[in-house]
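Before any comments, here is the structure.
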Amino acid sequence: MLKLIGLCVVAGLVVAAIAFPVVGGAGLLSNRASETVDQFSAELAQADPPLLTTITDSKGKPIAYLYDQDRELVDSAGISQNMKAAMVAIEDHRFEEHNGVDWKGTLRAVVKGVLGQRVEGGSSITQQYVKNYLAYVVAKTDVEREKASEVTAARKLREVRIALQLERTLSKDEILTRYLNVVPFGGQIYGIKSASRHFFDKLPKDLSVPEAAYLAGLVNKPSKLGTENPEKAKDRRDHVLKRMADTGALGKDPAEAQRLLKQFQDEVLSFAAVKRRPNDCVSAENGQTNGYFCDYVVDYLAKLGLSKDKLKRGGYTIKTTLDQGANDAVKAAAEGEVSKNTDGVANAMAVVEPGKDKHRVRALGANRDYGNDKSKNQTSFNLPADVSRFGAGSIFKIFTAAAAMEEGKTGVNRTVNVPNSYTSSIYKNGGKAYTVKNASEGGDTTMTLQSALAHSPNTGFVILEEQAGLNNVVDMSVKMGLRDSMQSVNRGGSKINPDAKDASLRIAQDKWVKDNKVGSFTLGVTVVSVLELANVGATITSGGTWCPPTPIEQVTDRNGKPVELKEAACEQAIDPGLAGALAQGLSKDTTEGTAAQAARQANWTRQMIGKTGTTQNHQSAGFVGATPNFSGAVLTFSDSPTPKPICDGAQPRLCGSGNIYGGKVPARTWFEAMKPIHQGAETKSLPAAGSQYQ
């Protein structure tokens with residue numbers, strides 16, 4: 001009696017599904033009753049499934065993929081008839097005859113559900129498309145996916161409702177094509193195009209009958225078949241081939257069908273040696289070298305509203321500004337100067353191409369390989385792009401010189417005072433008088449600003465900082481490129497934390513420097529990004545034009561249409577005449593200044609700007625150099641959990657009292673990378689100084 005009642009209930013539900021397909025609400029995962037089956041089916045008919053996103057270099061060569069599901073779409077014409085026939089034969093041989101539901105199989109499955117038995121099978125391809133769409137397109141979490149795939153009578157009835165709707169809006173061929181684009185083939189491989197590539201390195205239109213039968217067989221239980229279980233996979237393939245023979249897919253002549261069946265079952269498949277597509281930046285193509293750039297691309301797009309989650313499902317093509325040759329040169333130079341296995345010493349470099357309308361990031365690299373294996377000294381912290389834990393030393397004197405010239409306090413050829421020792425009447429050091437000394441005693445006590453930038457006396461720039469005004473110097477650093485660096489805080493590059501107990505962690509670095517009258521700012525004591533330092537050089541050699549350091553040439557969506565990105569607009573950050581004065585002022589560092597020895601060792605002959613820097617305890621040192629063609633920055637710093645000074649040598653190392661300087665490892669790294677990067681580039685002169693800044 002109970003069974004009879006159950007069957008009556010089932011019959012009523014099925015009749016309701018046929019007569020009233022709009023009833024029931026289609027927010028089956030979201031539980032929003034207002035979403036009707038009509039609305040849900042319309043979404044099914046229009047929305048495409050998640051697709052992988054491809055990141056390429058500037059020449060269009062893929063360097064990385066991002067995906068939740070490795071899937072590419074293919075239209076009906078791109079799928080062989082062999083593949084379609086194999087899938088219909090094994091999954092739904094009455095596909096062309098029914099209206100979306102195999103009633104015999106569905107009723108059998110629903111009855112089993114009512115009787116408390118396990119429900120499986122009985123679904124048409126249309127119903128299976130619904131199930132897979134709900135599980136792999138609509139569902140975003142494991143819980144939602146489990147709900148969409150639950151083995152119950154209710155799920156069968158849900159499939160019935162939506163399948164009936166789909167058959168009213170899509171043709172049989174459209175449904176079969178969509179089904180083949182959605183279904184999983186195991187190991188994050190989804191859709192027939194990715195499966196054809198992975199198993200046979202073919203396009204779906206070129207699949208043979210045995211290859212098509214093999215792939216059709218995988219859909220049943222992809223996690224238990226495949227190349228990992230060759231005997232079971234072959235048995236399943238042979239079963240699909242038999243179904244093709246039985247249903248006429250191998251021809252109407254039974255004898256010929258049996259002959260082909262034996263031929264195909266005897267055929268040994270040749271599988272491709274195609275590896276699974278790498279996923280994410282850590283496993284990017286040449287990821288140990290390109291990982292930093294990939295990571296910067298993802299972070300940059302997230303700030304523009306394209307989150308990583310969107311990228312992993314959106315099917316975008318991201319053409320970047322990456323110059324693979326330049327990136328390889330940076331990696332080789334950084335690692336050549338500091339071995340990747342050197343404990344506690346990182347060597348990072350960034351290269352930016354100057355321009356009036358765009359500052360393209362051409363390379364990001366470091367001695368450390370990008371990755372998650374700490375035992376191999378790998379790191380996923382973006383050494384060249386993120387704000388580092390240390391400052392850049394005297395490189396910050398660039399901002400003091402720029403502010404002083406802008407305020408009319410000096411000119412590039414004017415004399416500045418550089419006493420051996422100077423005690424400031426404005427700045428304090430922990431409540432005490434702030435006294436600064438030059439790196440070496442004796443020597444000239446006056447020199448031109450150009451010579452001061454080349455030889456880097458500390459006292460002269462503290463005096464200029466007083467004359468120009470500390471606030472103006474800090475603002476100049478932001479205008480010229482330290483946009484993110486100065487919005488971090490003065491504690492290892494961490495982000496602002498309004499709830500931090502330490503007050504210095506609650507305010508941005510630029511405000512902290514101003515409020516506390518940090519006179520040592522000109523000596524580069526605050527944390528900084530290597531990439532932003534490179535962009536400072538690009539601002540100078542672009543005639544004072546600041547642009548965001550962008551890694552993006554173009555982003556297109558899954559349909560090939562350009563995606564509009566609201567990148568920050570370029571600005572005339574400083575007067576072109578002032579930029580020319582800075583270029584002239586910084587032009588002697590590599591001929592007579594602190595980087596001259598490194599330049600001579602590299603046989604460097606091009607006109608360029610340059611500035612070295614070293615922090616007080618020798619825990620970091622840097623070099624910024626630029627031509628009108630390319631700007632680069634290098635920062636060598638202690639990345640040990642317990643930072644120590646760095647000693648220079650055949651291989652730099654952590655030591656008790658350091659002796660590293662910007663003119664050593666950083667400058668040498670710069671020249672080793674920039675020589676090949678500049679090879680073949682046009683030789684250009686530096687811009688002239690504006691008359692008011694001379």
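The values are calculated or read from the model by the stated rules, or taken from the named source; none is laboratory data. Just so you know, these numbers come straight off a predicted model, no measurement behind them. Ideal geometry is used to build each Cβ from the backbone, glycine not excepted, and the neighbour counts take in all protein chains shown. Only protein heavy atoms, including side chains, enter the accessible area calculation; ligands, DNA and RNA are left aside. Shrake-Rupley method; radii C 1.70, N 1.55, O 1.52, S 1.80 Å.
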_Percentage relative contact order, the chain, counting C-alpha pairs under 8 Å, at least six apart_ = 13 percent
*Sort 257-269, 275-287 for me by packing, meaning the mean count of neighbouring Cβ atoms within 10 Å per residue, highest on top.*
275-287, 257-269
*When each of Lys428/Lys511; Lys131/Lys561; Lys432/Lys611; Lys202/Lys275; Lys514/Lys611 is checked by Cα-Cα distance, pairs over 21 Å*: Lys131/Lys561; Lys432/Lys611; Lys514/Lys611
*Carbon and sulfur together cover what percent of the accessible area of the chain at a 1.4 Å probe radius?*
49 percent
*Could you work out the relative contact order of the stretch 314-447, using alpha carbon pairs under 8 angstrom and six or more residues apart, expressed as a whole percent?*
15 percent
*Select from the stretch 131-176 those GluC sites (Glu not before Pro) which occupy a DSSP coil region and have at most 15 other Cβ atoms within 10 Å, ordered by residue number.*
Glu150
*Could you state the orientation-averaged shadow area of the convex hull built on the Cα atoms of the stretch 242-377, in nm² to one decimal?*
15.0 nm²
_Three-way shape label, the stretch 417-510, alpha-carbon gyration tensor, a/c 1.5_ = prolate
*Might you tell me the accessible area per residue for the chain, computed with a 1.4 Å probe and given in Å²?*
42 Å²
*Decide, for the stretch 116-262, between rounded, prolate and oblate: order the square roots of the alpha carbon gyration tensor eigenvalues as a ≥ b ≥ c, take rounded if a/c falls under 1.5, and otherwise choose prolate if a/b is larger than b/c, else oblate.*
prolate
*Theoretical gain in end-to-end length, Ala688 to Ser375 [0.36 nm per residue, Cα-Cα removed]*: 107.6 nm
*Please grab the % of Cα pairs in the stretch 449-552 that end up more than 19 Å from each other.*
49 percent
*What does the charge add up to near Ala154, with Lys and Arg as +1, Asp and Glu as -1, over the other residues with Cβ less than 12 Å from its Cβ?*
+3
*asked:* Can you give the log10 of the normalised intensity I(q)/I(0) at q = 0.08, 0.09, 0.11 Å⁻¹, computed with Debye over equal Cα scatterers of the chain?
replied: -0.72, -0.82, -1.01
*Angle between the chain longest axis and helix 254-266 axis [Cα atoms, degrees, rounded to 10]*: 40 degrees
*Check cross-link reach from Lys262 to the aspartates and glutamates: straight Cα distance under 18 Å, and skip same-chain residues fewer than eight apart.*
Glu211, Glu231, Asp235, Asp238, Asp246, Asp253
*Can you pick out the pairs among Lys84/Lys147; Lys319/Lys566; Lys59/Lys205; Lys644/Lys664 whose Cα atoms lie more than 20 Å from each other?*
Lys84/Lys147; Lys59/Lys205
